[in-house]
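Have a look at the structure below, then the notes.
The values are calculated or read from the model by the stated rules, or taken from the named source; none is laboratory data. Keep in mind the model is a prediction, meaning the values are calculated, not measured. Positions of Cβ are generated from backbone atoms using ideal geometry, with glycine treated the same way; all protein chains shown enter the neighbour counts.
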Amino acid sequence: MKLLFTYDEIKPNQIAVVGGKGQNIALVHQAGFKVPQGLVLSAQAFRETLSRAEISHDLAAFFLPDIPFDALEEVCEELRSSVATVAVDEDIEGALREVYDSLIGKAPIGLIVRSSATIEDTPKASLAGILASFPDIRDFEDLVAAVRKCWASLFTPEAHIYLKEQDILAPDIGVAVLIQIMVPAERSGIIFSMDPVTGDTDKVIVDAIFGFGEEIVSGEITPEHNVYSRKRGAVISRRIGRQTEFITPEGERKPVYTELWMAPKLSDREVYELAGIGIKLEEMFGRPQDIEWAFSHGAFYILQSRPIVVGERYEKLFPQVGEQTVLLRGIGVSPAVGSGRVKIISPDGVPEVDPNTVIVAERITNELAVHLRRAAAVVTDEGGATSHGANILREFGVSCVLATGNATEKLKEDQIVTVDGLRGVVYEGDLAVKVSQISAVPKTRTEVFVSVLIPEKARYVAKFADGVSSLRDDYFMFESGIHPIKMINEGMGIYLEDNITNGIIQTINMFGGKPIWYKTMDAPTDEFRRLKGSEDPEERNPLFGWRGIGRELEEKDMLELELRAIRRALERRGGNLGIKLPFIRFVSELRDTKEVMRKTGIRPHEDIKVGISVENPATVFTLKDFISEGIDFISVGLSDLTMCALALDRESQKVARSFRPDHPAVLQLLDEVASVAKENGIFTCVTGESARHPDVLPHIISMGFNAIGVTLSFFAEIKREVARIEDK
C-alpha cells in the first residue's frame, strides 16, 4: 500500500488516491509553475484509519440523504471524536514522520496541512472551505493531530448538506492530505480566469490583500479587485480594498501602516503576470480556473487551482435600475436576483432560512454559506467575490452582494428589499418580475411604457408593453468599469459605440414598431467617480450637480459617440426611435443638442423624434419655449421633479420620510405640463418610481397624460391598476 506521493509521481487520473487538491497542485508543478514544496498522504490512509475505528453504524448514518438534522449533528460529533482518538497505524505514522523530516528543515515558518477530498476541486463541486486546513505546524505531534482533523472535517453537518445538495453524497468519498511548506506571504490573493458572476470569458479577475490569504478566502476583508481584459491586454478596472490589518502566516494580526490602507496591492505589471498564469492554467486544465496565489521573496507561488463551479444558470430577470431607490451598493458575486424580508444575523449564528428571507451579516463564513443555500439573498458588510463563502453561494445560485460597508446598519429587520447579485445593488421593495402575470394584463387607454436597462431582460414584457420610456445607457457605458471619456481618449470608444448600437437594435427587434426613447447619459458624478480613469469632481449633492444633457454638451465627445451609435442603429434597422434629453434646464441646451445631432448626420424630427425629460420646475414654467424650439414628446421624471420642487435629496435617508410625490405643489406642476402639452398636441409620459405612487397615479390619469413609464418589475401590476382606475 503506497501512502506517500511526491508531486512528480502523481498522474492526472489519480484523484481517487490523492484527492482533487493534491492532484491539481501536482499537475501545476509538473507544468513548471512555482508551488510550495510538499507531499501528499494518500486517501488510503484515511480509509485504513476509519476501518480501525469501528464506526460502521455512524458512518452509514452520515451518508443517509434523509437523516434529520439533530441526528446528523450527533452522528457527526461521534465520528469526529472517533477519528480523533483511534490509533494511527504504524505505517501511516511512519509515513508522516518521513514527511515531517523531509520538509520541516526547509520550512522557515512551519508547515500547512490541507484536506484533499476525492471529489474536491472537480468540475461538479469545489467544496470551497468546507473541509479543514491547518497552518503553522511546527512539531510532529501537531502534524499528526492536524492530519486527524483533516480527516474528521469531512464529518460535519455542513459537509453533509453540501454533498447532498450537490448530489455527490456517497460512502466511497475519501480524504487525502496535502502537506506543504508554508509560504511566508507578503501578499496573497485569488485569480478567476473568467468572471464567475457574468460568465464573461474575456475577463480575468485578480484579487489581492496584504499578508496571509486566509482573510480573503474567508471573506473577512474586502480585497483589491482587478479586472483584466484578454482582448485589450490591459487592466480595465481596479477597485482598491481598504485594509487596516493583515494576518501573518503565524496567525498574528498586525496593523497596516495608515498610508497603505488604500494603497494598491498589485502593480499593473503584476496583474498582467497573474492574469497570464490564470489563462495558462485554464488552457492546461481545459476549463476556467479558481486559483489561490501568494507572493514571497520576489516570486508568485500557486497554492491551489480548481475549476470554477457555478450553479445551474436559470434564466433570471434582473431588476431594472430606472428611478428605483438604491439602498446600498457593493460587490455583486452571483448571477441571480432575490427579494424578501431582511433578517440581520451574527456571522457565528445559524438562522432559520426560507426563500423569502434576505440574510444580512457582517461577513459570511464558509460554514454559514452552506446553511444559507435556501435564502432569497445574502448581503454583507465585508467580503469579496473570490471568497469561499461567495463560491458556495454562487454554486447554490443564491443572489449575493458583499462589501457594502454598512449593510448591518443601513438595513432594518423585516425591511423588504431586492438584491441584484449581478450589479451589486440592494433596492428598496420587491422588484422581482412576475413573468406569469405579464400575459394577463388588460388593455388601457393610458399607455404603459417600460424602462429598459439590459435589453435582453425585457423580452418577456416587450410583447405587452406599449413602448420604452427610457432605454438607459448606464449598462452600455459603465459595463467596462472604465470612464467613457478615458476610453474615448485611449481609442477604445468604438467598444462603447458598438455596445449602444447593438443594444438599440436588440430593443427595436423586441418592441417592433412601438416607440422607443433612448435616454442620453444622465449619471451623476458619484456614479462616474466609481469608474477607472475618472476625474469627476466630488460634489456635495451630485443629484443637483453636473449631470444630464448639460454635462454632455460640455463633454461633446461622449454625446457625439452616443449619437453616432444611434445613427448606425437607424441605418441598420430603422424603427420608431426617439432621443430623450435628461435633466434639461435651458432651451439653449435643446437647441445646441440638435446642432450636434445634425453634425453627426442625424436630422432632428425627421430621422428621429426629439423629446425632453422635465425634471425641475424651471423647465415646467418655460415649457412653451421648449415647444417653440421644437419637441416631439415630453417625459416627466417625477422622482427628480419632486426632489427639485420640494428641495429634498431623494437619496438622503434623513429626509426620505418627507419625500411626497403627491404634494400639492408637485401635482400642480404635473397639471401645468399636461395642460400645455395638450394645447400643443405633444405626447406626454410620466416616468419613475414616483409615477406608480397610489396617491399620484389617479391624478396622472385624470390629467390626461398619454402614458406612464415604469420599470419592468411593475409593468403588470401598474397596467392592471391603470385599467381599474380608468374603469372606475
field: Options Val17, Val35; residue that is in a helix (DSSP H, G or I) and among the β-branched types (Val, Ile, Thr)
entry: Val17
query: Out of all the residues in the stretch 606-616, is one or more among the basic types (Lys, Arg) and loosely packed, with under 15 Cβ neighbours inside 10 Å?
result: no
- line: Those residues of the stretch 396-419 that are within 11 Å of the chain's Cα centre (by Cα) and either at positive phi or surrounded by fewer than 24 Cβ atoms within 10 Å (Cβ to Cβ) (or both) come to a total of 1
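Of all residues in the stretch 53-72, which are in a helix (DSSP H, G or I), among the aliphatic types (A, V, I, L, M) and over 23 Å from Val144 (Cα atoms)?
Within the stretch 53-72, Ala60, Ala61, Ala71, Leu72 meet the criteria.
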- prompt: Could you say whether any residue in the stretch 270-291 is assigned to a loop (DSSP other than H, G, I, E, B), at pLDDT 90 or above and touching a helix residue (DSSP H, G or I) at 6+ places or on another chain (Cβ under 9 Å)?
  reply: yes
- prompt: Filtering the stretch 517-539 down to residues that are under 23 Å from Thr593 (Cα atoms) and of a type in the set (Ser, Thr, Tyr), which residue is surrounded by the most Cβ atoms within 10 Å (Cβ to Cβ)?
  reply: Tyr518
message: Quick check on the stretch 540-549. Is at least one of its residues surrounded by fewer than 20 Cβ atoms within 10 Å (Cβ to Cβ) and farther than 24 Å from Leu590 by Cβ?
response: yes
query: Which members of the stretch 271-295 meet the condition of being crowded, with 19+ Cβ neighbours inside 10 Å and more than 23 Å from the chain's Cα centre (by Cα)?
result: Ile277, Leu281, Phe285, Ala294, Phe295
- prompt: Among the residues of the stretch 366-397, which ones are hydroxyl-bearing (Ser, Thr, Tyr) and modelled with pLDDT of 75 or more?
  reply: Thr380
message: So, in the stretch 202-224, how many residues would count as being at pLDDT 85 or above and out of contact with any Gly (no Cβ under 7 Å at 6 or more places or on another chain)?
response: 4
- line: Considering residues that are touching an Asp or Glu at 6+ places or on another chain (Cβ under 7 Å) and buried (at least 20 other Cβ atoms within 10 Å of the Cβ), the number found within the stretch 489-516 is 1
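For every residue, the table says whether it meets (1) under 30 Å from Arg329 (Cβ atoms); (2) basic (Lys, Arg); (3) assigned by TED's automatic domain parsing to the domain that holds Asp557; (4) in contact with a strand residue (DSSP E or B) (Cβ under 9 Å, 6 or more places away or on another chain).
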site	(1), (2), (3), (4)
Arg603	no, yes, yes, no
Asp625	no, no, yes, no
Leu648	yes, no, yes, no
Ala665	no, no, yes, no
field: Identity of the residue in the stretch 624-660, of a type in the set (Gly, Ala, Ser) and in a loop (DSSP other than H, G, I, E, B), that ends up modelled with the lowest pLDDT
entry: Ser652
- request: Look at the stretch 441-480 and say how many of its residues are modelled with pLDDT of 85 or more, assigned to a loop (DSSP other than H, G, I, E, B) and surrounded by fewer than 24 Cβ atoms within 10 Å (Cβ to Cβ).
  value: 9
- line: Selection over the stretch 1-43 where residues are under 30 Å from Ala71 (Cα atoms) and surrounded by fewer than 18 Cβ atoms within 10 Å (Cβ to Cβ) yields a count of 1
message: Please return the ranges of strands (runs of 3 or more DSSP E) entirely within the stretch 352-419 where 3 or more residues are farther than 24 Å from Ile240 by Cα and in contact with a strand residue (DSSP E or B) (Cβ under 6 Å, 6 or more places away or on another chain).
response: 357-361
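This table checks each residue for (1) of a type in the set (Asp, Glu); (2) modelled with pLDDT of 90 or more.
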{"residue": "Asp121", "(1), (2)": "yes, no"}
{"residue": "Ala125", "(1), (2)": "no, no"}
{"residue": "Trp151", "(1), (2)": "no, yes"}
{"residue": "Thr156", "(1), (2)": "no, no"}
{"residue": "Ala159", "(1), (2)": "no, no"}
{"residue": "Leu163", "(1), (2)": "no, no"}
{"residue": "Ile168", "(1), (2)": "no, no"}
{"residue": "Ile181", "(1), (2)": "no, yes"}
message: Of everything in the stretch 80-121, what is β-branched (Val, Ile, Thr) and surrounded by fewer than 20 Cβ atoms within 10 Å (Cβ to Cβ)? Give them in sequence order.
response: Thr85, Val86, Val88, Ile104, Ile109
